[in-house]
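> Mind having a look at this structure? Questions to follow.
The values are calculated or read from the model by the stated rules, or taken from the named source; none is laboratory data. Every value quoted in this text rests on a predicted model; they were computed, and no experiment measured them. Methodologically, a virtual Cβ is constructed for each residue, glycine included, from the backbone with ideal geometry; neighbour enumeration extends over all protein chains shown.
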Amino acid sequence: MKALLVLWLAVGLAAVAGALPPTDIAVEPLQYTLPKAERIALPNGVVLYVREDRDLPLIEVEVRLRGGRLYEPAAKVGLSTVFVRAWRNGGTQRLSPEAFNTAIEDMAAVLEISDEGDTLSLSLSALARDWRKAIGLLTELLRTPAFREEQVRLAKERTVEEIRRRNDDIAAIASREFAGFVYGTSHPLGRVPTVSSVQAITRDDLLRWHRTLVTPCNLWVAITGDFDRRALLEEVRRLFGNWRGGTPALPDIPPPPEQSAAVGFISKQAEQAHLRVGHLGVPRGIPDRAALDVLDYIFGGSFTSRLMHEIRDKRGLAYAVWSSFAPAKPRGLFVVGCQTKSESAEEAINLIREQIVRLTQEPPGDEELRQAKESLVNSFVFRFPTVHDAVVAQMLLEIHGLPQDTYDTYIRRVQAVSAQDVLAVARKYLNPDRLRVLVVGDGKKLGKLAAQAKRLQAR
Amino acid sequence: MMSRRTAAILLVLALLPMSVRAQLGFAERVVEHRLANGLRLLILPRKQSPTCAFYILHRVGGVDEENGRTGVTHLLEHMLFKGTTTIGTRDYEKEKPLWDEIERIYDQIEAERAKGDRADAERIAQLRQREQELLQQVSQWLIPQEYDRIFERAGSPGTNAWTSNDVTVFTVSVPANRLELAARMQADQRSNPVWRQFYQERDVVLEERRQSVDDSPEGALWEAFLATAFLVHPYRNPVIGWQSDVSRLRTADIDRFFRAFYAPNNTWLAVVGDVEPERVITVVEKYFANIPAQPLPERRIPEEPLQRGVRRVVVKMPANPQMLMGFHKPNAPHDDDVVFEVIRGIFTRGRTSRLYRELVEKQKIALSVAAYSAPGERYPNLFVIDAVPRHPHTVQELERAIWREIDRLRTQPVHEAELNRMRNWAEADLIRQLRSNEGMATQLLWADAVLGDWRELFRFVERVRKVTAQDVMRVARKYLHKDNCTIAVLETAPEAQR
């Protein structure tokens, strides 16, 4: 089914004095069709999302599997990071790493493997004329990687070096340690690799991890670009058809414990204090996501948000202040971030708290609500900048078990949001009495804010 | 580059290599137009989605600033979002006298601050109290963030801007049916700006500086590196400005700079996306034609003298070591610059590149290594090698290994296979660049305003194709030697535990 969305909002903004008010400019209706993919399930379980796109002579492939660092064993945190690196760099059973990389780069193709938390991603971009060879190499790496010992060691050593360096950057400390402060440092979403947990990883672990995860029943493949559909499908069936395997059993992830309110402090020599305020957030696929998006826009998710106005525009306290309600499995994070000179840290925290409380006490004003809704609706055409992005997004809906019409109904759901709905999601998902605050910075300059906080260590 | 929204100091990747095969037909689709006031308009219609990028470039950047007023270009860029005489205000005539009074208060505050240690803190506090009262009073006339609000409400994913050493660029994308709104808003932005809330925005930029330079190991090292590599050319100054310069900027500085450099005859406009070129021309004429042309100020920018010997600088911060090496070289579109683009690829592009294979994989002394041209392209610049050592290896070992690779380049011809790979990259890069309206608009503006002709983008692949192994050796010998090299090293200082 094709979703035809007509975006036409002629309603006015606050009237502007003088000549040529921007609101008086006539607006033609805009027709936008979300590019839809064809879904093809192969008998062995591989699911394809395919769409031709002849705009440019390119082919782009995104392979996804369920898996990722969320599912690592506790004794081997860092396994998934080492795994994706050694997988990509370790060559195949047929080709040495050097031969494999030369084959890819001689075509000016790009092939990367990454850990996306609860999925693994293999992405390929190649010139259309090389499509057959490029997909062949991708499949070879997917099905018959070698994880050569030399590259396994290199992947581990690189990861250890990154651990050594991870406290160089104050913003990285704030983000990482806030997750630990909210999820708990032993939950998969709050824990971090250590030198010893990485050193404990063996090549056998990686081979076993590959055998477990990489099966046709755990494979989704999005392919877009300048190709002949029939020839492409024939080649894909040839490459994947003879492959058999069951569905991997991924461990259940326990929900993180609800934490009580607390203020933490980590010492880091710096001019600014980096602040994080928040608590546990939402899982994927909540029914009132549209209302939460409206709330986020009003609160701190846009350049015109309340936080931006209060902290940046009005008082010049910070360059950056933002909020996020990113969903994750099993629970996302609600977080406000801000960095400001040490002397204004306390003022900024108080302003942030005040704004969170306000969300739970009163519905947004009519004008604020209209601004947020129109902005979300009218900017929907930018949600997927390319056909490939749109097709991958549809594939991810299936992987994450979300309704297939999520994007088709999005505009309608936003349009239906009322001021009371925004208040309701604020009361449902925000709890000013459970806020955790993390301050990273210079304790001497921060004074009693640091002295009265719980002292934490950057891991 | 300093941007309004993101704090990262982007190491300017100079010429993103581009070319086009005839069948793409993009070069043929670019429409050029010049308004009578000198404004240059470039249009590229493409129908991938019902959106368009509407980007404006002013050929003014950090290099155009005078000593003592560094950072003025970037702060001006921020100020352009504070609204106009009709946007962001309920009644400009009512607010204006209040801003004038705040200005007079700052005359006194700055005079007091200029006394340094003898400044009267109590007097400053009183003046600030008075400023707060006036700000409270003026707030009744303001419509906060209205400029952004109008764009976001029309469906723009946001309007933004960035400043580099060379240029200032204002970026906005809108749904295709909002083309006229984009033109009307952007024309107003440069015809009737109001410098409201200037001193709050100056504080915002000082926070931006703390975040991206003072507290950032990369940022602090980068600043010291450029100030060492360039003795007199303004590429030595940070785009965000030196702290003491920014903290003393006044609205008069901004105003003077705006009037001098934002003239239509110093302005480029690119519209890329689902648009009809004739309609774009009509709309741009309608809103921009009445901005008068004006003579541009004479710019006397000092030339960097020949470097005579290696320069070294050390920055100590509580962070792990890293290093930068820079070599003076000509800027694009000089022929030698194209050769450097090839060298950059052979050195650090991908997993088959020489420095990656040698330093990261074989010797295992580096965590990462990258090469690029910086910090600008309007004047002779640097070929930069940026490397991070892996414990327990040191930056000294890393430097020795890099010199060995440079020697190899100076004494042995590169392989034909390596050159071929670079030719393929140049072609593929162009095609990938075309995936987004925003990328294409940026490239067109940059090539036309800085390189002198947008067609340079499409010539680039042919020029890469012609680079030979002999060219690489000649250029390596000419520029990649110690006497032309600046080395900046970040050394670990113990952290003050408090």
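> Can you pull out the residues in segment A:311-345 that are in contact (Cβ under 8 Å) with a residue 40 or more places away in the chain and under 19 Å from residue B:204 (Cβ atoms)?
A:311, A:336, A:337, A:338, A:339, A:340, A:341, A:342, A:343, A:345
> I would also like to ask the following. Between B:156, B:139, which is over 32 Å from the mean Cα position of the chain (by Cα) and within 11 Å of chain A (Cβ to nearest Cβ)?
Values: B:156 fails: over 32 Å from the mean Cα position of the chain (by Cα).
Among B:156, B:139, only B:139 is over 32 Å from the mean Cα position of the chain (by Cα) and within 11 Å of chain A (Cβ to nearest Cβ).
> Go through B:305, B:295, B:333 for me and flag whichever is out of contact with any helix residue (DSSP H, G or I) (no Cβ under 7 Å at 6 or more places or on another chain), assigned to a loop (DSSP other than H, G, I, E, B), of a type outside the set (S, T, N, Q) and more than 23 Å from residue B:482 (Cα to Cα).
Working: B:305 fails: more than 23 Å from residue B:482 (Cα to Cα); B:333 fails: out of contact with any helix residue (DSSP H, G or I) (no Cβ under 7 Å at 6 or more places or on another chain).
One residue alone meets the criteria, B:295.
> Continuing with the same structure: Of the residues A:372, A:393, which is crowded, with 24+ Cβ neighbours inside 10 Å, of a type outside the set (Ser, Thr, Tyr) and either in a helix (DSSP H, G or I) or at pLDDT below 95 (or both)? Spell out the reasoning first.
Working: A:393 fails: crowded, with 24+ Cβ neighbours inside 10 Å.
None of the other options fit; the residue is A:372.
> From the list B:419, B:367, B:359, B:444, which one is over 24 Å from residue B:473 (Cβ atoms) and within 14 Å of another protein chain (Cβ to nearest Cβ)? Even if it seems obvious, please write down each step before you answer.
Values: B:419 fails: over 24 Å from residue B:473 (Cβ atoms); B:359 fails: over 24 Å from residue B:473 (Cβ atoms); B:444 fails: within 14 Å of another protein chain (Cβ to nearest Cβ).
Just a single option satisfies the conditions, and that option is B:367.
> Within segment B:235-256, how many residues are touching a residue at least 60 places away in the same chain (Cβ under 8 Å), surrounded by fewer than 22 Cβ atoms within 10 Å (Cβ to Cβ) and of a type outside the set (Lys, Arg)?
Looking only at segment B:235-256, we keep the residues that are touching a residue at least 60 places away in the same chain (Cβ under 8 Å), and these are B:235, B:237-242, B:245-246, B:248-251, B:253-255.
Add one more test, that the residue is surrounded by fewer than 22 Cβ atoms within 10 Å (Cβ to Cβ), and what stays is B:242, B:245, B:248, B:250-251, B:253, B:255.
Going one step further and asking which of them are of a type outside the set (Lys, Arg), we end up with B:242, B:245, B:251, B:253, B:255.
Summing the residues that are touching a residue at least 60 places away in the same chain (Cβ under 8 Å), surrounded by fewer than 22 Cβ atoms within 10 Å (Cβ to Cβ) and of a type outside the set (Lys, Arg) in segment B:235-256 gives 5.
> Something else: Considering B:182, B:154, B:161, B:176, which residue is hydrophobic (A, V, I, L, M, F, W, C), within 20 Å of residue A:376 (Cβ to Cβ) and in contact with a Lys or Arg (Cβ under 6 Å, 6 or more places away or on another chain)?
On the way: B:182 fails: in contact with a Lys or Arg (Cβ under 6 Å, 6 or more places away or on another chain); B:161 fails: within 20 Å of residue A:376 (Cβ to Cβ); B:176 fails: in contact with a Lys or Arg (Cβ under 6 Å, 6 or more places away or on another chain).
Unique residue meeting the criteria: B:154.
> Hey, another quick one. Within segment A:74-81, does at least one residue satisfy the condition of being in contact with a Leu (Cβ under 7 Å, 6 or more places away or on another chain) and either within 22 Å of residue A:240 (Cβ to Cβ) or crowded, with 22+ Cβ neighbours inside 10 Å (or both)?
Within segment A:74-81, none of the residues are in contact with a Leu (Cβ under 7 Å, 6 or more places away or on another chain) and either within 22 Å of residue A:240 (Cβ to Cβ) or crowded, with 22+ Cβ neighbours inside 10 Å (or both).
> Being facing another protein chain (nearest Cβ under 9 Å) and under 27 Å from the mean Cα position of the chain (by Cα) is the filter here; which residues of segment A:334-371 pass it?
Selection gives A:339, A:340, A:371.
> When the residues of segment B:458-498 are narrowed to those that are assigned to a strand (DSSP E or B) and surrounded by 19 or more Cβ atoms within 10 Å (Cβ to Cβ), which ends up farthest from the other protein chains (Cβ to nearest Cβ)?
This residue is B:485.
> Taking into account only those residues within segment B:405-446 that are under 21 Å from residue B:161 (Cα atoms) and among the small types (Gly, Ala, Ser), which is farthest from the chain's Cα centre (by Cα)?
Here the residue is B:436.
> Are any residues in segment B:183-206 of a type in the set (D, E, K, R), at the interface with chain A (Cβ under 9 Å from one of its Cβ atoms) and under 16 Å from residue B:132 (Cα atoms), and if so, which ones?
Passing the criteria: B:201, B:202, B:203.
> Right, another one. If residue A:421 passes every condition in (1) in contact (Cβ under 8 Å) with a residue 40 or more places away in the chain; (2) under 26 Å from residue A:52 (Cα atoms); (3) of a type outside the set (A, V, I, L, M, F, W, C); (4) away from chain B (no Cβ under 14 Å) but one, which one does it miss?
(2)
> Give the number of residues within segment A:49-66 that are acidic (Asp, Glu) and either more than 9 Å from chain B (Cβ to nearest Cβ) or under 21 Å from the mean Cα position of the chain (by Cα) (or both).
Restricting attention to segment A:49-66, the residues satisfying the condition of being acidic (Asp, Glu) are A:52-53, A:55, A:60, A:62.
From what's left, either more than 9 Å from chain B (Cβ to nearest Cβ) or under 21 Å from the mean Cα position of the chain (by Cα) (or both): A:52, A:60, A:62.
Counting residues in segment A:49-66 that are acidic (Asp, Glu) and either more than 9 Å from chain B (Cβ to nearest Cβ) or under 21 Å from the mean Cα position of the chain (by Cα) (or both) gives 3.
> Scanning segment A:378-390 for residues that are part of a helix (DSSP H, G or I) and more than 8 Å from chain B (Cβ to nearest Cβ), which turns out surrounded by the fewest Cβ atoms within 10 Å (Cβ to Cβ)? Can you show your working first?
Here is the first cut: in segment A:378-390, the residues part of a helix (DSSP H, G or I) are A:378-382, A:387-390.
Retained after the next criterion (residues that are more than 8 Å from chain B (Cβ to nearest Cβ)): A:388-390.
Working: A:388: 25, A:389: 16, A:390: 23.
Going through the qualifying residues, I end up with A:389.
> If you take the residues of segment A:262-306 that are without any contact (Cβ under 8 Å) to a residue 40 or more places away in the chain and more than 20 Å from residue A:432 (Cα to Cα), which of them is nearest to the other protein chains (Cβ to nearest Cβ)?
That would be A:303.
> Also: Only residues that are more than 9 Å from every other protein chain (Cβ to nearest Cβ) and closer than 22 Å to residue A:23 by Cβ: list them for segment B:159-170, please.
The initial filter retains those residues of segment B:159-170 that are more than 9 Å from every other protein chain (Cβ to nearest Cβ), namely B:161-170.
Correct list: B:170 only.
> Would you confirm, using the coordinates I've provided, whether residue A:52 is within 28 Å of residue A:232 (Cβ to Cβ), touching a strand residue (DSSP E or B) at 6+ places or on another chain (Cβ under 6 Å) and acidic (Asp, Glu)? Lay out the reasoning, then the answer.
Working: within 28 Å of residue A:232 (Cβ to Cβ): yes; touching a strand residue (DSSP E or B) at 6+ places or on another chain (Cβ under 6 Å): no; acidic (Asp, Glu): yes.
No.
> Right, another one. Given the residues B:275, B:232, B:239, B:284, which is the only one that is assigned to a helix (DSSP H, G or I) and at pLDDT 95 or above?
On the way: B:275 fails: assigned to a helix (DSSP H, G or I); B:232 fails: assigned to a helix (DSSP H, G or I); B:239 fails: assigned to a helix (DSSP H, G or I).
Step by step, each of B:275, B:232, B:239, B:284 is checked, and only B:284 is assigned to a helix (DSSP H, G or I) and at pLDDT 95 or above.
> Do any strands (runs of 3 or more DSSP E) entirely within segment A:225-340 hold 3 or more residues that are hydrophobic (A, V, I, L, M, F, W, C) and crowded, with 23+ Cβ neighbours inside 10 Å, and if so, which?
Values: elements: A:262-267, A:272-280, A:321-324.
Those strands (runs of 3 or more DSSP E) span A:272-280.
> Shifting gears a bit: Mind counting the residues in segment A:19-46 that are more than 9 Å from chain B (Cβ to nearest Cβ), in a loop (DSSP other than H, G, I, E, B) and among the β-branched types (Val, Ile, Thr)?
Result for segment A:19-46: 1.
> Same structure again: Residues in segment B:153-163: is at least one farther than 16 Å from residue B:87 by Cβ, of a type in the set (Val, Ile, Thr), outside any helix (DSSP H, G or I) and touching a strand residue (DSSP E or B) at 6+ places or on another chain (Cβ under 7 Å)?
Checked against the condition, which is being farther than 16 Å from residue B:87 by Cβ, of a type in the set (Val, Ile, Thr), outside any helix (DSSP H, G or I) and touching a strand residue (DSSP E or B) at 6+ places or on another chain (Cβ under 7 Å), segment B:153-163 yields at least one hit.
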